[in-house]
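The next block holds one structure in the form of structure tokens; read it before the comments.
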């Protein structure tokens, strides 16, 4: 479902549902359009700071009711500068950033005030996981965990107890190095962090590692045979 609106003229969409929960709506870009749900009628209100041809996605949700599960639908709306004006500045954007644009009145038209505005593409939340998410290591043998992420920032790691284990990140692979001064069965928490990038927000996960001392084998004792030794002297 979608629609195109001009600033100053609201639009509506009607929800058809067999659910019995309350209906609400939200916009992913309030600078372009906001919304309001009343019963099964959703009103979409274009905003002045939209630029020309900007889009927003309206999410219309119905909560779980007595007999029906929750559900949701999206409505894409495109908002144009009003007739009698043209859009200038940054009217399109790809990466997360703050952009600046304007609506300029054509001959014979005017705005009540200067229409220089900004609009923002926010960074997306990063989805991050570790495999494995924890581990037990023996001194002398390193371990690894692999980072799965849709983020675009640099990955680093740190330990809350370097006497137990340290770590090093290279790309999406993190190497865990148990230390000699750990004691036996000691634990450390590694924090694996990804910095904010161009389009994705910062994120972090923790990795719990237990480090054991390496077992040694005690060498066996040599066996000696005790007995008498005879000495013979010449002349006796």
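Taking residue 109 as the residue in question, decide whether it is modelled with pLDDT under 90, outside the structural domain of residue 195 (by TED's automatic domain parsing), surrounded by 17 or more Cβ atoms within 10 Å (Cβ to Cβ) and over 19 Å from residue 202 (Cβ atoms).
Values: modelled with pLDDT under 90: yes; outside the structural domain of residue 195 (by TED's automatic domain parsing): yes; surrounded by 17 or more Cβ atoms within 10 Å (Cβ to Cβ): no; over 19 Å from residue 202 (Cβ atoms): yes.
Criteria not met by residue 109.
Identify the residue in segment 26-44 that is more than 26 Å from the chain's Cα centre (by Cα) and part of a strand (DSSP E or B) and, among all such residues, is surrounded by the fewest Cβ atoms within 10 Å (Cβ to Cβ). Full working, then the answer.
So the first thing to find is which residues in segment 26-44 are more than 26 Å from the chain's Cα centre (by Cα), and the list is 35-44.
Remaining after also requiring part of a strand (DSSP E or B): 35-38, 41-44.
On the way: 35: 23, 36: 13, 37: 19, 38: 10, 41: 12, 42: 21, 43: 14, 44: 22.
Among residues in segment 26-44 that are more than 26 Å from the chain's Cα centre (by Cα) and part of a strand (DSSP E or B), the one surrounded by the fewest Cβ atoms within 10 Å (Cβ to Cβ) is 38.
For segment 1-25, what are the residues that are surrounded by 14 or more Cβ atoms within 10 Å (Cβ to Cβ), at pLDDT 85 or above and part of a strand (DSSP E or B)?
Answer for segment 1-25, where residues must be surrounded by 14 or more Cβ atoms within 10 Å (Cβ to Cβ), at pLDDT 85 or above and part of a strand (DSSP E or B): 11, 13, 23, 24, 25.
Any residue at all in segment 77-92 that's at pLDDT 75 or above and either in contact with a strand residue (DSSP E or B) (Cβ under 6 Å, 6 or more places away or on another chain) or surrounded by 15 or more Cβ atoms within 10 Å (Cβ to Cβ) (or both)? If you could, list the steps in order and put the result at the bottom.
So in segment 77-92, the residues at pLDDT 75 or above come out as none.
Scanning segment 77-92 turns up no residue that is at pLDDT 75 or above and either in contact with a strand residue (DSSP E or B) (Cβ under 6 Å, 6 or more places away or on another chain) or surrounded by 15 or more Cβ atoms within 10 Å (Cβ to Cβ) (or both).
Exactly one condition in (1) within 23 Å of residue 200 (Cβ to Cβ); (2) modelled with pLDDT of 80 or more; (3) loosely packed, with under 13 Cβ neighbours inside 10 Å; (4) in the same structural domain as residue 21 (by TED's automatic domain parsing) is not met by residue 133; state its number.
Among (1) within 23 Å of residue 200 (Cβ to Cβ); (2) modelled with pLDDT of 80 or more; (3) loosely packed, with under 13 Cβ neighbours inside 10 Å; (4) in the same structural domain as residue 21 (by TED's automatic domain parsing), the lone unmet condition for residue 133 is (4).
The values are calculated or read from the model by the stated rules, or taken from the named source; none is laboratory data. This structure is a prediction, so every number in the text was calculated from the model and none was measured. Using ideal geometry, Cβ is built from the backbone for each residue, glycine included, and neighbour counts are taken over all protein chains shown.
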